[in-house]
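What follows is a short report on a single structure.
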Amino acid sequence: MWTDAALYLHYISAEALFADMQKADKLPEVLAAVKALDTLKMAEDFNDVATRMKGWVVKTADAVAAEGGNILVVSHGIAINALLSVIATDPFVHKPLGNASVTKVEYENGKFSIRSVGDMQYVEAGLKSGE
């Protein structure tokens with residue numbers, strides 16, 4: 001899938017696309033390519049993912065807010081970046097998120113606050129404890 005998307009976007013390889021994605025905000029463009037290439041018509045573009053993620057988080061947070069508490073959402077970096085882009089109050093620049101990184105978002109009185117993005121301190125602490 002990534003190689004096809006890379007070629008569709010005129011890159012020579014998926015690796016070249018990924019390298020460019022480290023430097024520039026290409027996520028919406030890449031997901032549009034994936035959707036355009038999807039012959040089964042099941043792929044989502046960036047806006048589809050963002051809308052789905054935000055809708056689910058708001059619905060779940062509102063349900064939990066009545067009782068008080070926290071929600072743990074586990075997802076992949078593309079979906080997390082899409083969600084952050086639609087809840088950010090300032091323009092949000094997508095960034096690669098490390099495996100097992102933690103992004104903290106607060107939701108109170110119908111408003112989101114992004115507290116941290118891609119925090120790796122828990123992974124680093126786990127690696128140190130295993131030494």
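The values are calculated or read from the model by the stated rules, or taken from the named source; none is laboratory data. Source: prediction; values computed, not measured. Neighbour counts run over all protein chains shown; Cβ positions are idealised from the backbone, glycine included.
Descriptive notes on the structure:
- Filter pass, K95 being over 19 Å from the mean Cα position of the chain (by Cα) and either at pLDDT below 95 or buried (at least 16 other Cβ atoms within 10 Å of the Cβ) (or both): no
- The residues in the stretch 33-62 that are out of contact with any Leu (no Cβ under 8 Å at 6 or more places or on another chain), farther than 17 Å from I80 by Cα and either exposed (fewer than 13 other Cβ atoms within 10 Å of the Cβ) or aliphatic (A, V, I, L, M) (or both) can be counted, and the count is 8.
- Restricting the stretch 1-37 to residues that are part of a loop (DSSP other than H, G, I, E, B) and under 20 Å from the mean Cα position of the chain (by Cα) leaves a set whose member that is farthest from F92 (Cα to Cα) is M1.
- Cross-chain or 6+ apart pairs with Cβ under 6 Å, the stretch 120-131 first and assigned to a helix (DSSP H, G or I), then small (G, A, S): V123/A100
- Criterion applied to G69, G55 was being assigned by TED's automatic domain parsing to the domain that holds E124, of a type outside the set (D, E, K, R) and at pLDDT below 90, and the one residue passing it is G69.
- Check on A61, more than 16 Å from M1 (Cα to Cα), touching a Phe, Trp or Tyr at 6+ places or on another chain (Cβ under 9 Å), among the small types (G, A, S) and touching a residue at least 12 places away in the same chain (Cβ under 8 Å): yes
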